[in-house]
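A quick write-up on the structure given underneath.
The values are calculated or read from the model by the stated rules, or taken from the named source; none is laboratory data. Note that the coordinates shown come from a computational prediction; the quantities given were computed from them, not determined experimentally. We place every Cβ from the backbone using ideal geometry, glycine too, and count neighbours over all the protein chains shown.
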Amino acid sequence: MFAVCLYVMLLTLSPYTPRYRDRVAPPGVMIRPHINHSFLISFKMSDPQTWHRYVENLKKFLEAYDDNVQEAKNAVCTPGDYFIQNTEESAMKRACQFKRSMLKNCSGLVDETFGYSAGQPCILLKMNRIIGYRPGYETPVTVDCKMQKGNESAIEAIDFYPNNTFDPMYFPYYGKLTHENYTSPLVAMQFTVRKNLSVPIQCRLNGFGIINNAQNDRFLGRITFTLTVTD
């Protein structure tokens with residue numbers, strides 16, 4: 001009897017849409033470069049051997065965002081509007097273009113070292129994918145970064161590329177079965193921090209429906225990492 005009940009239940013499940021989407025938490029976030037599960041980015045700007053692995057990690061990650069790849073596979077969308085696709089659940093979905101060149105100084109195209117050779121490292125921030133989720137409830141979700149603890153003056157400057165928002169046009173995500181060309185939108189952050197000092201930084205999402213202060217999940221709507229740049 002149990003096997004029959006289980007079989008009937010499985011027949012009601014869709015491979016394309018989670019059954020209980022209303023129970024899915026708001027998004028967590030992750031950064032690149034991310035090497036060996038570490039959130040410490042430490043290097044000597046005058047020694048390429050200390051920052052080469054970060055640059056290679058970023059280059060590999062951004063291959064899917066190359067302009068020619070995006071132009072060949074993905075659509076030009078309308079900023080500010082969700083990209084709703086009212087098609088059959090199993091139909092293949094279009095994805096909006098997010099070109100690598102949009103990241104400007106953090107694209108690896110303007111500066112192949114992503115700022116690491118100059119001691120101004122780029123770090124990419126992405127939201128975790130959640131099927132059907134529409135962050136911000138029609139308004140862009142923004143990103144801010146500050147010292148987690150210590151003197152705020154240790155962060156001398158932050159530049160955001162293409163800006164500090166996640167545009168609604170990149171949402172919702174329809175899942176890997178039908179949204180195969182989807183590339184998550186990114187916010188690139190280029191930091192200038194005080195040299196020869198460990199600088200703990202927390203970057204947060206902000207917007208309607210976003211949770212960034214949960215005590216039991218340090219990746220929910222925020223992420224903390226440490227930058228150490230030496231001369």
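Within segment 97-108, how many residues turn out to be within 16 Å of SER184 (Cα to Cα) and either of a type in the set (S, T, N, Q) or more than 15 Å from the chain's Cα centre (by Cα) (or both)?
3
Given the criteria under 17 Å from TYR182 (Cβ atoms) and part of a loop (DSSP other than H, G, I, E, B), does TYR137 qualify? Walk me through how you get there before you give the answer.
Working: under 17 Å from TYR182 (Cβ atoms): no; part of a loop (DSSP other than H, G, I, E, B): yes.
When the stated conditions are applied, TYR137 does not pass them.
Considering only segment 60-84, state which residues are exposed (fewer than 15 other Cβ atoms within 10 Å of the Cβ) and either in contact (Cβ under 8 Å) with a residue 40 or more places away in the chain or in contact with a His (Cβ under 8 Å, 6 or more places away or on another chain) (or both).
Result: THR78, PRO79, GLY80, ASP81, ILE84.
Go through (1) touching a helix residue (DSSP H, G or I) at 6+ places or on another chain (Cβ under 6 Å); (2) farther than 25 Å from ILE223 by Cβ for PRO48 and report which single condition fails.
Result: PRO48 passes all but (1).
Tell me, please, whether a residue that is among the β-branched types (Val, Ile, Thr) and either loosely packed, with under 14 Cβ neighbours inside 10 Å or modelled with pLDDT under 95 (or both) can be found in segment 35-43. Break it down into steps so the answer makes sense when it comes.
To start, the set of residues in segment 35-43 that are among the β-branched types (Val, Ile, Thr) comprises 35, 41.
Adding the requirement that they be either loosely packed, with under 14 Cβ neighbours inside 10 Å or modelled with pLDDT under 95 (or both) leaves 35.
Within segment 35-43, one or more residues are among the β-branched types (Val, Ile, Thr) and either loosely packed, with under 14 Cβ neighbours inside 10 Å or modelled with pLDDT under 95 (or both).
Which residue pairs have Cβ atoms under 8 Å apart, sit 6 or more places apart or on different chains, and have a first residue in segment 122-140 that is at pLDDT below 90 and a second that is surrounded by 20 or more Cβ atoms within 10 Å (Cβ to Cβ) and among the charged types (D, E, K, R)?
Going by the 8 Å Cβ cut-off, the qualifying pairs are PRO140/ASP167.
The rows are residues; the columns are (1) surrounded by fewer than 21 Cβ atoms within 10 Å (Cβ to Cβ); (2) among the charged types (D, E, K, R).
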residue	(1), (2)
LYS126	yes, yes
ARG134	yes, yes
THR142	yes, no
ALA154	yes, no
GLN190	no, no
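Here's the yes/no breakdown for (1) closer than 22 Å to ILE35 by Cα; (2) modelled with pLDDT of 95 or more; (3) of a type in the set (Gly, Ala, Ser); (4) not in a loop (DSSP other than H, G, I, E, B):
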residue: ASN57; (1), (2), (3), (4): yes, yes, no, yes
residue: VAL69; (1), (2), (3), (4): no, yes, no, yes
residue: ALA72; (1), (2), (3), (4): no, yes, yes, yes
residue: GLY80; (1), (2), (3), (4): no, no, yes, no
residue: ASN86; (1), (2), (3), (4): no, no, no, no
residue: LYS93; (1), (2), (3), (4): no, yes, no, no
residue: PHE98; (1), (2), (3), (4): no, yes, no, no
residue: MET102; (1), (2), (3), (4): no, yes, no, yes
residue: GLY108; (1), (2), (3), (4): yes, yes, yes, no
